[in-house]
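Notes for the one structure printed next.
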Amino acid sequence: MVPRYRYVIVGAGVAGASAVRGIREWDGGSILLMGAEPHPPYHRPPLSSDLWLGRESLETISVEPEEFWLRQEVELVTGTRVVALDPIRRQVVDGRGQAYGYEKLLLATGGEARRLTIVGADLEGVYHYRTLDDYLGTRARAPAGSSALIIGADFVGLELAAALAANRVDVTMLVPDRSLAAQVLPEELSRIVAARYVDHGIHILMADAPVMIERANGRLRTSTQRGARIDSDVVLVTLGTAPSIALAERAGLKVGDGIVVDEYLRTSAPRSSLPETTPSSHPRSSKSLGGSRAGTMRGCRGGTRA
């Protein structure tokens, strides 16, 4: 039997967690919050700076304390990616083939890191830096005295370079553009920032891009278009983000630079003829669906209603 919820939220990030709070202000109906990452909702900005500098901890970056999900009677399932959506039957399906029924669906899938498409981009020790697991993996591979290559120079890359250098990691930045953060910083300001970084021991290679990453002598070797070879203990890719639209696209929803919605944030999904319950008549759910559960565990920009 397919378990059914009044609300299913796909994406256990800040938007998904905020939606839970909003729903609970007026409706006690059952809520299923699903996230692909194996962690409860957390704030992403500290991953590139404050966690490295000791201003935040793994506990303080959580959006809500563990007991919040139990208190609000929310079924929080992490480490579970939703791979299919059927707007007509009002169901989503996870990677294990388990279906979940909904009356209302919120797509809060946010964005994902833009990925390199070169040979070696999927090697162990190469992180397309965006998630808590990326931080944890980098932290383990980049102690003081190690070396890191950062590919890209958006704000995340700039913060990471400064934070790693402050932790006595030898940092090299490989920048495809002719200036740092070229899309947002004026050229003169970019030169000033670059000079400050160099003064703090950060190596910067401008107007160059990677063509291959390979293993060499137990380290990662990145070859560039201009013939440079950079050996490092870890490679961090910070080329910005792209909207996570694959699920919506597979379901036949209109997409563009994101999921297309109307003035009420409703997608193009056809309206189902299945009946809905009213907020006052729907009981809260406390069923266990497997995976990681709230109470035993220690997030996404924007959201759209399907």
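Where a number appears in this text, it was derived from the coordinates with a stated rule and is not lab data. Just so we're clear, the structure is a prediction, and the values are computed from it rather than from any experiment. Please note: Cβ atoms are built from the backbone with ideal geometry, for glycine as well, and neighbour counts cover all protein chains shown.
Here the stretch 113-237 carries DSSP beta bridges of which approximately 40% are antiparallel, counting only pairs with both residues inside.
Other residues within the sphere of radius under 13 Å centred on the Cβ of ASP177, judged by their own Cβ, net out at -1 (K and R +1, D and E -1). For the stretch 105-199, GluC sites (Glu not before Pro) are listed when DSSP marks them as loop and at most 10 other Cβ atoms sit within 10 Å of their Cβ; the list is GLU124.
The modelled label-to-label distance for the pair ALA209/GLU59, using points 7 Å beyond Cα in the direction of Cβ, is 4.5 nm.
Counting neighbouring beta carbons within 10 Å and listing from fewest to most, the residues ILE88, ILE259 come out as ILE88, ILE259.
Note on the chain: antiparallel DSSP beta bridges, both residues inside, total approximately 45 percent of the bridges counted. Note on LEU70 and VAL93: their simple-model spin labels are 3.5 nm apart, each label 7 Å out from Cα toward Cβ.
Percent of Cα pairs in the stretch 113-237 per distance bin of 5 Å, from zero to the largest separation: 2, 11, 23, 26, 21, 13, 4, 1, 0.
From helices alone, the chain scores -5500 deg cm²/dmol at 222 nm; the rule is -39500 (n - 2.57) for each run of n ≥ 4 DSSP H residues, then divide by the residue total. For mean projected area of the Cα convex hull in nm², the candidate list reads [x] 27.7; [y] 14.8; [z] 17.7; the entry that matches the value derived from this model is [z]. The ARG250 and ASP199 beta-carbon pair, evaluated with R₀ = 35 Å, returns a calculated FRET efficiency of approximately 0.10.
Ordered by the count of other Cβ atoms within 10 Å of each Cβ, fewest first, MET212, MET206 give MET212, MET206.
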